[in-house]
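Chemist: Take this structure, written in structure tokens, and hold onto it; I'll ask about it next.
The values are calculated or read from the model by the stated rules, or taken from the named source; none is laboratory data. On a predicted model such as this, the values are computed, not experimentally measured, just so you know. Neighbour counts are summed over all protein chains in view; Cβ atoms, including those assigned to glycine, are modelled from backbone coordinates with ideal geometry.
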């Protein structure tokens, strides 16, 4: 979407002007390449997010592949398809009992309207969606924040509980203590209304440092 790309360029200029440390991050990592899944429903995004929780990406992809293959003729199983299966029937696909229960709850929520369709979700504020979706069992604030950023393309979300974001913030601001929610306001509030983009750069910095450490360890 061209309008989103224009917003990304505006965000980069705003962040660079608001924070010298962010300006250096932008110089290091270049243009923001955030690319939300514009054709993905909140229901599908939540199911996928739950599958990825506490798993390596390869393992999560394999589980999702088995889930999709279970229902032929469609790109992703419909909520009614999931509800038709018990949690125990979902477990052989690779889901833990807790995840299977959560996924069924998401599907039930999609059928009841608790999980809105994309058009309805786009009309709700960030906090309205967070309050609504965290009412579902097994869905926390972080999961909804990932939906807001990577599915709905919301520009001003700061996922303060995200490990990568915290690692990036600690590196950029040289925070030696354990990063907590109290470290964020005076450092990242100035990034509004583009805190999602600031988070994207913190993720890139955390990835860079992780790759550097891995390379050093291999020498």
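Chemist: For residue 15, are the conditions met, namely being in a helix (DSSP H, G or I), over 13 Å from the mean Cα position of the chain (by Cα) and touching a residue at least 12 places away in the same chain (Cβ under 8 Å)?
Modeler: Working: in a helix (DSSP H, G or I): yes; over 13 Å from the mean Cα position of the chain (by Cα): yes; touching a residue at least 12 places away in the same chain (Cβ under 8 Å): yes.
In short, yes.
Chemist: Please state which one of 133, 97, 93 is surrounded by 21 or more Cβ atoms within 10 Å (Cβ to Cβ) and not assigned by TED's automatic domain parsing to the domain that holds residue 28.
Modeler: Working: 97 fails: surrounded by 21 or more Cβ atoms within 10 Å (Cβ to Cβ); 93 fails: surrounded by 21 or more Cβ atoms within 10 Å (Cβ to Cβ).
Testing whether each residue is surrounded by 21 or more Cβ atoms within 10 Å (Cβ to Cβ) and not assigned by TED's automatic domain parsing to the domain that holds residue 28 leaves just 133.
Chemist: Scan the range 48-63 and report the pairs whose first residue is assigned by TED's automatic domain parsing to the domain that holds residue 96 and touching a residue at least 24 places away in the same chain (Cβ under 8 Å) and whose second residue is surrounded by 15 or more Cβ atoms within 10 Å (Cβ to Cβ) and outside any helix (DSSP H, G or I), with Cβ atoms within less than 8 Å and a gap of 6+ or a chain change.
Modeler: 50/138; 50/139; 51/95; 59/94; 62/94; 63/55; 63/94; 63/95
Chemist: May I ask you to list the residues in the range 41-61 that are within 13 Å of the chain's Cα centre (by Cα) and assigned to a loop (DSSP other than H, G, I, E, B)?
Modeler: 53
Chemist: Being over 17 Å from residue 150 (Cβ atoms) and within 20 Å of the chain's Cα centre (by Cα) is true for just one of 71, 4, 95. Which residue is that? Working first, answer last.
Modeler: Numbers: 71 fails: within 20 Å of the chain's Cα centre (by Cα); 4 fails: over 17 Å from residue 150 (Cβ atoms).
That would be 95, the only listed residue that is over 17 Å from residue 150 (Cβ atoms) and within 20 Å of the chain's Cα centre (by Cα).
Chemist: Another question, then. From 126, 177, 156, which residue is surrounded by 12 or more Cβ atoms within 10 Å (Cβ to Cβ) and either touching a residue at least 60 places away in the same chain (Cβ under 8 Å) or farther than 19 Å from residue 18 by Cα (or both)?
Modeler: Values: 177 fails: surrounded by 12 or more Cβ atoms within 10 Å (Cβ to Cβ); 156 fails: either touching a residue at least 60 places away in the same chain (Cβ under 8 Å) or farther than 19 Å from residue 18 by Cα (or both).
Every option except 126 fails the conditions.
Chemist: Suppose we filter 100, 80, 119 for residues that are in a helix (DSSP H, G or I) and closer than 25 Å to residue 5 by Cα; which single one remains? Break it down into steps so the answer makes sense when it comes.
Modeler: Working: 100 fails: closer than 25 Å to residue 5 by Cα; 80 fails: closer than 25 Å to residue 5 by Cα.
From the options 100, 80, 119, the qualifying one is 119.
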